[in-house]
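Below: the structure, in structure tokens.
The values are calculated or read from the model by the stated rules, or taken from the named source; none is laboratory data. In this text, all values refer to a predicted model and were calculated from it rather than measured experimentally. In this analysis, Cβ positions are derived from the backbone assuming ideal geometry, glycine residues included, and neighbour counts consider all displayed protein chains.
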Amino acid sequence: MVSEADGDRVPQQAEDAIAYLTKNAVHLEPVLSHQSVEDRYLDFAWWFPVDVSGPAAQANHFPAELMALCSKLKLGLEVTVYATADEHEAQ
């Protein structure tokens, strides 16, 4: 886990990931490059509010610095989108 930020704070997740990868790259490189490691990616949780009266699109930006660090470490980037709804909408 590289971030404690929830899925409604993707930009914070990206900032946290940059800080974590920058601080720990020297330790991560040998681990991630070992042949026994099958999957190498960061998974970002992204909460997507579902509301028929609201917007049908949402965007988040992943900074070039994060992409460069992922590339250096040969890490993929995954985004898992979770549809959410406000509790009051279910009533």
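A few notes on this one:
- Residues being in contact with a Phe, Trp or Tyr (Cβ under 8 Å, 6 or more places away or on another chain) and in a helix (DSSP H, G or I) - total across the range 71-82: 0
- Val31 β-branched (Val, Ile, Thr) and within 13 Å of the chain's Cα centre (by Cα): no
- Residue within the range 31-41 that is in contact (Cβ under 8 Å) with a residue 40 or more places away in the chain, in a helix (DSSP H, G or I) and surrounded by 13 or more Cβ atoms within 10 Å (Cβ to Cβ) present: yes
- Extreme residue, modelled with the lowest pLDDT, among residues of the range 52-70 that are more than 17 Å from Met1 (Cβ to Cβ) and surrounded by 12 or more Cβ atoms within 10 Å (Cβ to Cβ): Gln58
- Per-region count, the range 4-29, residues assigned to a helix (DSSP H, G or I) and farther than 15 Å from Leu69 by Cα: 3
- Gln91 being surrounded by 12 or more Cβ atoms within 10 Å (Cβ to Cβ) and modelled with pLDDT under 90: no
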